[in-house]
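Heads up, the thing below is written out as C-alpha cells.
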Amino acid sequence: MTKSTSTENIGIGLARLGKKVLLIDADGQGSLTASLTVYSKGVTAGDDTVTVTSSANPEKSASCNVTVNKKAGTISYTTTSVSKTNGDAAFTNALTNSGDGTVAYASDNTNVAIVNATTGEVTIQSYGEANITATVTDGDNYTYATKTASYKLTVAKRSYEVKFDANGYGTAPASQNVEEDGKATKPADLSSTDYDFTGWYKESACTNKWNFDTDTVTEATTIFAGWKIKTFTVPTTETPTTEAPTTKVDTPTTEAPKADTPKAPTTGDKINLGVIVMLMIDSALAGLYLILRRRLMK
C-alpha cells in the first residue's frame, strides 16, 4: 500500500468519526490530490452533498456538504461616450457581458433618447444629452460585483438651410445655414424700380410676416419677399391768387337827345317854306319812279 493510499484511508476514517481533516499532498505525483478531487463540471452553483469513495477500497466513503459558489461576472461598455446628430438612425452601443446575468437598459432623459429595455437599441428623440445605463441581475452561475455600466450620449442640433426668395423682383440674398431652433439673420431690404419692398414673409402669398427676433427655424425653410406697386405723388404748385386792381370809372350819364316829332301846323302856326318844298320834291320823285317802272315792265 502506498503512502498516498494510506493517508487517504486514514483521512476518510477520521472524517467518519466527525473529525475535521486536512490532508496535505506532498507527493510530487499528486496522487492524493487526484484521488480526492471533486470536479464541478456541469454543476450549477448552490449547496449540495458530496460523497467521496476511496478508489483503493470502494467500501470506504465519506460525505460532506459542498457549496458551489457563482463565478464572478462583469459588464462594461468599450465606448463610454457617443456623439450623434438629431435625426440620425437608431443605434446600439455594444455591451460586454462576461456572465449569464440578465441585462436591462434605461435612459435618464427620454426627451433626448429612448432605449429598448431588452436589446439596448437607442432611438433619438431630440438634441441634448442622456445617460444610457445597463443594469445586470445575477445569473444561475455568475454574480456581479458591479451591476451597472453606462455611457453618455450627446445629440447635436441639426443644421437647416434657410433660403430667401425675391418673389419676382430685386435680387435674392444668399441662403443661410441655421441650427435647429435657431434664428435666421435678417438680410438687407430689397429694392425695385416699380415696386416697394414690404418685408419678409412665411409664404409666397405674403400673408404672415417672418419675425427675425422671435421666429425659429425647425426645418428647411424658404422666406419670401413682399412687394406692392409704387405710388407716386405729383407735387401741386399753388399759384398765389392776385386780385386785379379795381378801377372805378365814372361814366357820365348823357341822355340821348329826344327827336322832336313834327307837329301838324295848326291855325296860327307859321308855315316853314323849306319843309314844304322838300315834301313836294319827294312826291315828284316818287311819281317819276312809278312812271319809269311801268314803262320798263311793258
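The values are calculated or read from the model by the stated rules, or taken from the named source; none is laboratory data. All values reported here derive from a predicted model rather than from experimental measurement. Every residue, glycine as well, gets a Cβ built from its backbone with ideal geometry; the counts of neighbours run over all protein chains shown. Keep in mind that these areas ignore ligands, DNA and RNA; they rest on the heavy atoms of the full protein, side chains included. Shrake-Rupley method; radii C 1.70, N 1.55, O 1.52, S 1.80 Å.
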*Please identify the pairs in which a residue from segment 174-202 that is open to solvent by 60 Å² or more (accessible area, probe 1.4 Å) has its Cβ atom under 7 Å from the Cβ atom of a residue that is of a type in the set (Gly, Ala, Ser), counting only partners at least 6 apart or on another chain.*
ASN177/SER159; GLU179/SER159; SER191/GLY170
*asked:* Just to verify a result, which residue in segment 208-239, among those that are open to solvent by 100 Å² or more (accessible area, probe 1.4 Å) and in a strand (DSSP E or B), is modelled with the lowest pLDDT?
replied: ILE229
*Taking ALA130 and the conditions (1) over 38 Å from the mean Cα position of the chain (by Cα); (2) assigned to a strand (DSSP E or B), which numbered condition does it fall short on, given that it satisfies the others?*
(1)
*Within segment 152-179, work out how many residues are in a strand (DSSP E or B) and of a type outside the set (A, V, I, L, M, F, W, C).*
10
*Regarding GLU161, is this residue on the phi < 0 side of the Ramachandran plot and exposed (fewer than 14 other Cβ atoms within 10 Å of the Cβ)?*
yes
_Looking at segment 35-51, can you tell me whether even one residue there is open to solvent by less than 60 Å² (accessible area, probe 1.4 Å), modelled with pLDDT of 70 or more and either among the acidic types (Asp, Glu) or part of a loop (DSSP other than H, G, I, E, B) (or both)?_
no
*Restricting to segment 67-95, what's the tally of residues that are open to solvent by less than 70 Å² (accessible area, probe 1.4 Å) and of a type in the set (S, T, N, Q)?*
5
*Residue check, LYS60 closer than 20 Å to ALA34 by Cα, of a type in the set (D, E, K, R) and surrounded by 11 or more Cβ atoms within 10 Å (Cβ to Cβ)*: yes
*Check THR123, THR143 and return the single one that is outside any loop (DSSP other than H, G, I, E, B), out of contact with any Ser or Thr (no Cβ under 9 Å at 6 or more places or on another chain) and more than 19 Å from ALA89 (Cβ to Cβ).*
THR143
